[in-house]
Every structure is written in structure tokens, then in C-alpha cells.
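These notes are about the structure you will find just below.
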Amino acid sequence: DAKTTQPNSMESNEEEPVHLPCNHSTISGTDYIHWYRQLPSQGPEYVIHGLTSNVNNRMASLAIAEDRKSSTLILHRATLRDAAVYYCILRPYRDDKIIFGKGTRLHILP
Amino acid sequence: DTGVSQNPRHKITKRGQNVTFRCDPISEHNRLYWYRQTLGQGPEFLTYFQNEAQLEKSRLLSDRFSAERPKGSFSTLEIQRTEQGDSAMYLCASSLAGTGGHTYEQYFGPGTRLTVT
């Protein structure tokens, strides 16, 4: 399974943008880049995914490097509720299981 | 609330006892997944179903673990002869089946926390 590398933890101030990096240098052409997050005492929840182009949704934006070896999840204006563990995941085409790493624990400072 | 429910939410059992967990997925989802999560780690895939067929099992799923989805709706995960190492959060997720080049997001339940004493 292709692997991702994320910082163990990050801090950000409330109401400021947050950029969460992910390296995936061994990504293959058919791997989708997915992001999930896990709030305290809850199951993971889907955030966003993409293949090659940058993606936006109501929760976040995903910026994918041109060579696809890295990506960045962008939270445009962090709130205290965004404090969670964020997982960057590669999902091969048509492979439905998710292989989670340890993720990045994001702390939001009021 | 994602629409995926799991029962019980907490289970304490003694080593050697059998336990069974239930997952009710979102009704129109034909895929159902089980994961296990220990403290400080990301969830680990255990197995998944499409409708009532169990399509993949992880090597983590020892012979003491069995999962069923008899009518393609709810699923049960049974652990026989529990061991202390089985203590973890057991998560269930559901999704639509991917078609063409599309992979659908998974919706997770709140999990069942198992403590084996």
C-alpha cells in the first residue's frame, strides 16, 4: 500500500487559515488522495478527496502538487471545532478499504 | 450523527468471554466495513461486505473474529475467547459501492469501545 507522511502535530490560532501537509512520494497514477478527520471521541469523517486537480468543498480545499507527490489540506478559517486528527490517505482506484496512518493532530488555540 | 449506528457503545468483558457488536449502516449503502482502533493509532481495516458477501478480510482478523451481514443490512462482529489485546475501539462504516473511476466516501459510526479485563 502506498504510504503517506504527515507531521505528528500542528498548532494554529482560531480564525486563521491552516495548511496541513502530506507527502506521498510513491503515489501511483491511479491513487486518489483522500482526507478524513477524527474529532475527539468520534469516528472518522470524510473531508475531501482529489486525483490531480485542486478541489474545494464547504469544509476545506485540497491543493495537489503538479507531480502529485505531495498535497496540502487547507482549512480557510479554523474554529475550535476543527481540533482533530487529520488523516491523509491514498486510495487505489476501486480499492474500497481505507488504510489509515497516524495522521496529524491539529490543536486550535483560542 | 452520520446515520451509522453501533451498539453497544461500551462493552466491558472478562478475558475468555465472547462478545458481539452490531452495526446498522445508512440504509441505501451496500458496502459495510469494520475497523479497529487502539489508543494513539489510526483505524485498522478488518473486513468489508458488499451486500451480504464478505469480500475481503485483513490478516488482522484472527480465527476468533467473525463478521456477518446476513441480509445485506445490519452487520455483527463477534469475538470469541476475548484476550486483553482485543481491547480497542471497533468502528463500523458504510458507503455506496464505487463504480467507474469513482470512490465513495465512507461514513463512520461512533464505535464500540471494548475493554477486556
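Contact order for chain B, expressed relative to its length and based on alpha carbon pairs under 8 Å spaced 6+ residues apart, stands at 37 percent. Explain nothing, just the number: relative contact order of segment A:1-56, from Cα pairs under 8 Å at least 6 residues apart, as a whole percent. Relative contact order of segment A:1-56: 27 percent. Modelled label positions at A:Thr30 and A:Ser53, each set 7 Å beyond Cα in the direction of Cβ, lie 2.2 nm from each other.
What shape does segment A:41-110 take by its C-alpha gyration tensor, where a ≥ b ≥ c are the square roots of the eigenvalues and a/c under 1.5 counts as rounded, a/b above b/c as prolate, and the rest as oblate? Cα axes put segment A:41-110 in the oblate bin. Is segment A:1-65 best put as rounded, prolate or oblate by its Cα gyration tensor, with a ≥ b ≥ c the root eigenvalues, rounded for a/c under 1.5, and otherwise prolate when a/b is larger than b/c, oblate when not? Judged from the Cα gyration tensor, segment A:1-65 comes out prolate (a/c at least 1.5, a/b above b/c). The order of B:Thr112, B:Thr20, going from fewest to most other C-beta atoms within 10 Å of their C-beta, is B:Thr20, B:Thr112. Across segment B:55-117, C-alpha contacts under 8 Å between residues 6 or more apart give a mean separation that, scaled by the residue count, equals a relative contact order of 28 percent. Counting Lys and Arg as +1 and Asp and Glu as -1 over every other residue whose Cβ lies under 13 Å from the Cβ of A:Lys69, the net charge comes to -1.
Couplings for segment A:58-65, taken from phi via the Karplus curve 6.51 cos²θ - 1.76 cosθ + 1.60 with θ = phi - 60°, read 5, 8, 6, 10, 10, 9, 10, 4 Hz in order; Gly and Pro are left as x.
Springs between Cα atoms under 10 Å define the GNM used for chain A, and in it the highest mean-square fluctuation of A:Thr52, A:Thr72, A:Thr26 occurs at A:Thr26. Segment B:Gln80..B:Glu52, full-extension length gain: 7.9 nm, with 0.36 nm per residue of separation and the alpha-carbon distance subtracted. Residues whose amide H comes within less than 5 Å of that of B:Thr115, counting only those at least five positions distant or on another chain, are B:Lys11, B:Ile12, B:Thr13 (H built at 1.01 Å from N in the peptide plane). Applying a DSSP loop filter and a limit of 10 other Cβ atoms within 10 Å to the trypsin sites (Lys or Arg not before Pro) in segment B:1-80 leaves B:Lys14, B:Arg59, B:Lys71. Cross-linked pairs A:Lys3/B:Lys11; A:Lys69/A:Lys97; B:Lys14/B:Lys57: Cα-Cα separations exceed 23 Å for A:Lys3/B:Lys11; B:Lys14/B:Lys57. Note on chain A: with a GNM built from Cα contacts shorter than 10 Å, the maximum mean-square fluctuation among A:Ser41, A:Ser70, A:Ser28 falls on A:Ser41.
All of the numbers you see were taken from the coordinates with simple rules; none came from a lab. Please read all numbers here as calculations on a predicted model, not as lab measurements. Please note: Cβ atoms are built from the backbone with ideal geometry, for glycine as well, and neighbour counts cover all protein chains shown.
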